[in-house]
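Trainee: Below: one structure in structure tokens.
Read-outs: derived from the displayed coordinates by stated rules, not from any lab. Values in this document were obtained by computation on a predicted structure and should not be read as measured data. Positions of Cβ are generated from backbone atoms using ideal geometry, with glycine treated the same way; all protein chains shown enter the neighbour counts.
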Amino acid sequence: MMRRLLIKNAEVNGAAASDVRVAEGVVREIGCLSRQSGEPMISANGGALLPGLHDHHIHLMSTAAAQDSVPCGPPKVHTKNQLIEILQRHSKSSTNWLRGIGYHESIAGNIDRNWLDGFVPHQPVRIQHASGRLWVLNSVAMELLTGSFPAGVEIENGQPTGRIYDSDQWLREHYTHAPPDISGLSDDLCSCGITGVTDMTPENNDDTVDQFMKKVAAGELQQRIHIAGGADMSYPFSSPFVGVGPLKVHLHEHDLPDFDDLVESINQVHRRQRPAAMHCVTQTELVFALSAFQEAGTIPGDRIEHASVTSDDCLQQISQLRLTVVTQPNFVRERGDRYLREVPQSDHPLLYRCASFLNAGIRLAGGTDAPFGEVDPWALMAAAVERKTQKGRSLSPHEALTPEEALHLFMGSAEKPGIARRIHPGARADLCLLSTPWQVARDTLCRENVRMTIIDGEIVYSDKAEEITKAASQCRQPIPIRAPALS
Ligand SMILES: [Zn+2]
């Protein structure tokens, strides 16, 4: 059966009382349309129908891992018995890791593998200390570690205790584990109207692409995904739901790469028309990245991630180099009070600028940077408009965006962040329906305004459960890219 849907009485591209027909994953018609026999129909009641939101900077696997983690310390857990109870409640006969966070020795002392084995003997467990510097593993987990132990693996009487200090990188490389289940996160994104994401994890490689292909095929990931990552990724690569994005370079102010090497990496990917994205959270990192782009030259799609601190000079250079900036104004709210405390006052006007980028003609896109920021794109938009910290203090209010500009942060495509998509015949049916017209929604930017989310012509979220036509068990198989028009 042809997948069809008629959306009646929506606000489309600002025009009220428009009807939209969707078939085979594509917008077919917009206008005053009558229902065809057997065609499923949604009454939008005047709500705004938007292109589906695209989060341009997120880390899906680590967000899912963080959401899956069991709290092992305050404020949820204060006593040994509470810890045992929560571990036993979350443990299952599974080879998936049980990951705990926030442990503190005030709860049950200096726990080790034997202690954990007593309560979770069969499933690999790792519990992170609140300091972030220590993991405690049970015996099943220790057995999964391959290779020889670094100094951080504590040994007593010739046996590892299960306590591993300051060895995150080694742990990541040496334990074999299944990637986390991201279905819950994907549902959460659907309920925010997000139909596509760009995963900006610098370690991403061709294996990551395979993992995401499988997750899409299994229906575990419903969004389209664009995957940035290492220089050796196969590029170009594109399937209807999975694409490979820019080279991601993670600059660290205290450990900057050799300048000529960086320029050469940019040149290498540019020769394949693959853009580069540079992580810049300090002014030094930004100056370094801009010098490298200046030297290598730029191609469309080159971008600066974060641009957390941007001087006027850098802003001019970003404009001249025609770079896109992918910003996180959600940090103004989430971290603003700390910024105001810790960042020198003279730099406050340079933090997470937004309006100045647009005024300089720079393409500006948004990404929540979850799990470092919160998953909700609407909270980011509200923060971009309000420029208020959690405690209600203002941070460079002159950098505020209008609600329309804030929405546009998520309206770009994966390939063209910062350039708003429109709904038109032939466009992918990746859509976000709000419960009210935009003129109402713009005054309260929040995820509760999302009434329905449609990806590839299928309803993947509805605040009215009966409208979900997709069977929960239905799997999406990889399929060839369709022609844009009906034949
Ligand atoms: Zn990031």
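Trainee: Once amide H atoms are built 1.01 Å from N in the peptide plane, which residues 5 or more positions from A48, or in another chain, come under 5 Å H to H?
Mentor: E11, L434, T436, W438
Trainee: Just for the chain, what percent of DSSP beta bridges are antiparallel, to the closest 5? Write out the running numbers ahead of the final one.
Mentor: Numbers: 36 of 73 bridges.
Close to 50 percent.
Trainee: Using only Cα atoms and rounding to the nearest 10 degrees, what angle (0 to 90) does helix 259-271 make with the longest principal axis of the chain?
Mentor: Tilt of helix 259-271: around 40 degrees.
Trainee: Which listed residue (Q268, V249, I227) has the Cα farthest towards the positive end of the charge dipole for the range 213-313, taking +1 on Lys and Arg C-beta and -1 on Asp and Glu C-beta about the Cα centre?
Mentor: Going by the Cα projections, it comes out as I227.
Trainee: Which ordering of T79, T310, T208 is given by a fewest-first count of other beta-carbon atoms within 10 Å?
Mentor: T79, T208, T310
Trainee: A follow-up question, please. To the nearest 500 deg cm²/dmol, what mean residue ellipticity at 222 nm is calculated for the chain from DSSP H runs of n ≥ 4 alone, each contributing -39,500 (n - 2.57), summed and divided by the residues?
Mentor: Mean residue ellipticity at 222 nm (helix-derived): -8000 deg cm²/dmol.
Trainee: Need one word for the range 61-174: rounded, prolate or oblate. Basis is the Cα gyration tensor (sqrt eigenvalues a ≥ b ≥ c); a/c below 1.5 gives rounded, then a/b vs b/c decides.
Mentor: Note, shape of the range 61-174 comes out rounded.
Trainee: On to the next question. If you fit an axis through the alpha-carbon atoms of helix 330-342 and take the longest principal axis of the Cα set of the chain, what angle between them do you get, 0 to 90°, nearest 10?
Mentor: Taking the Cα atoms of the chain, the angle to 330-342 is about 50 degrees.
Trainee: Right, another one. At a 10 angstrom cut-off on C-beta neighbours, averaged per residue, how do the peptides 379-387, 54-62, 107-115, 251-259 rank from highest to lowest?
Mentor: Top to bottom by mean Cβ count within 10 Å: 54-62, 379-387, 107-115, 251-259.
Trainee: If I take every Cα pair under 8 Å that is 6 or more residues apart in the range 61-174, average their sequence separation and divide by the length, what percent do I get for the relative contact order?
Mentor: About 21 percent, as a whole number.
Trainee: Over the range 61-174, what is the percentage of antiparallel beta bridges among all DSSP beta bridges, to the nearest 5?
Mentor: Percentage antiparallel, nearest 5: 60.
Trainee: For Cα pairs less than 8 Å apart in space and 6+ apart in sequence, what is the mean separation divided by the residue count of the chain, i.e. the relative contact order in percent?
Mentor: Rounded, it is 18 percent for the chain.
Trainee: First measure r as the distance between the Cβ atoms of K76 and K464, then evaluate 1/(1 + (r/R0)^6) with R0 = 51 Å and state the FRET efficiency to the nearest 0.05. Can you show the working numbers first?
Mentor: Working: r = 33 Å, r/R0 = 0.64.
So, using R0 = 51 Å, E works out to roughly 0.95.
Trainee: What residues qualify as long-range amide H neighbours of D166, i.e. H under 5 Å apart, gap of 5 or more or another chain, H built at 1.01 Å from N?
Mentor: Residues meeting the criterion, in which the H sits 1.01 Å from N, are L134, W135.
Trainee: Mind putting a number on the dipole of the chain about its Cα centre? Charges go on the C-beta only, +1 for Lys and Arg and -1 for Asp and Glu, and I need it in Debye to the nearest 20.
Mentor: Charge dipole of the chain: 1480 debye, to the nearest 20.
Trainee: Right, here's the next one. Looking at the square roots a ≥ b ≥ c of the eigenvalues of the Cα gyration tensor of the range 334-378, which shape do they give, rounded for a/c under 1.5, prolate if a/b is larger than b/c, or oblate?
Mentor: It comes out oblate by the Cα gyration axes.
Trainee: Okay, moving on. Under the 0.36 nm per residue contour assumption, what length would be gained going from the current alpha-carbon distance of A217 and D258 to full extension?
Mentor: 10.7 nm
Trainee: Determine ³J(HN,Hα), in whole Hz, for all residues of the range 26-36 in sequence, where each value follows from phi through the Karplus function 6.51 cos²θ - 1.76 cosθ + 1.60 and θ = phi - 60°; x replaces Gly and Pro.
Mentor: 10, 6, 9, 9, 10, x, 9, 10, 9, 5, 8
Trainee: Let me ask something else. Show me, for the range 195-204, the HN-Hα J-couplings you get by feeding each phi into the Karplus relation (A = 6.51, B = -1.76, C = 1.60, θ = phi - 60°), rounded to Hz, glycine and proline as x.
Mentor: 10, x, 9, 10, 8, 9, 5, x, 6, 4
Trainee: Right, here's the next one. With a ≥ b ≥ c the root eigenvalues of the C-alpha gyration tensor of the range 143-276, is it rounded (a/c under 1.5), prolate (a/b larger than b/c) or oblate?
Mentor: On the way: a/c = 2.43, a/b = 1.28, b/c = 1.90.
In terms of gyration-tensor shape, oblate.
Trainee: Put +1 on the Cβ of each Lys and Arg and -1 on the Cβ of each Asp and Glu in the chain; which of V460, S34, P180 then has its Cα farthest toward the positive end of the dipole?
Mentor: S34
Trainee: Same structure, new question: Fewest Cβ neighbours within 10 Å first, please rank E39, E305 accordingly. Don't skip to the answer; put the middle values down first.
Mentor: Details: E39 15, E305 27.
The most exposed by this proxy come first: E39, E305.
Trainee: Could I ask something else about it? Applying the Karplus parametrisation 6.51 cos²θ - 1.76 cosθ + 1.60 with θ = phi - 60° to the phi angles of the range 213-221, what ³J(HN,Hα) value in whole Hz is obtained for each residue in order, glycine and proline being reported as x?
Mentor: Each residue of the range 213-221 in turn: 4, 5, 5, 5, 4, 7, x, 6, 10 Hz.
Trainee: On to the next question. About the Cα centre of the range 61-174, how large is the charge dipole given +1 on each Lys and Arg Cβ and -1 on each Asp and Glu Cβ? Please answer in debye to the nearest 20.
Mentor: 340 debye
Trainee: Right, something else. Quick one: order M411, M200 by neighbouring beta-carbon count within 10 Å, fewest to most.
Mentor: Working: M411 21, M200 27.
Going from sparsest to densest Cβ surroundings: M411, M200.
Trainee: If I fit a long axis through the Cα atoms of helix 283-296 and take the longest principal axis of the Cα atoms of the chain, what angle between them do I get, 0 to 90°, rounded to 10?
Mentor: 60 degrees
Trainee: Can you tell me the order of 17-27, 228-238, 425-435 when each peptide is scored by its average per-residue count of other Cβ atoms within 10 angstrom, highest first?
Mentor: By packing density, highest mean first, the sequence is 425-435, 17-27, 228-238.
Trainee: Using alpha carbons only, how many angstrom separate the centre of the range 59-136 from the centre of the range 242-283?
Mentor: Using only Cα atoms, the two centres lie 36 Å from each other.
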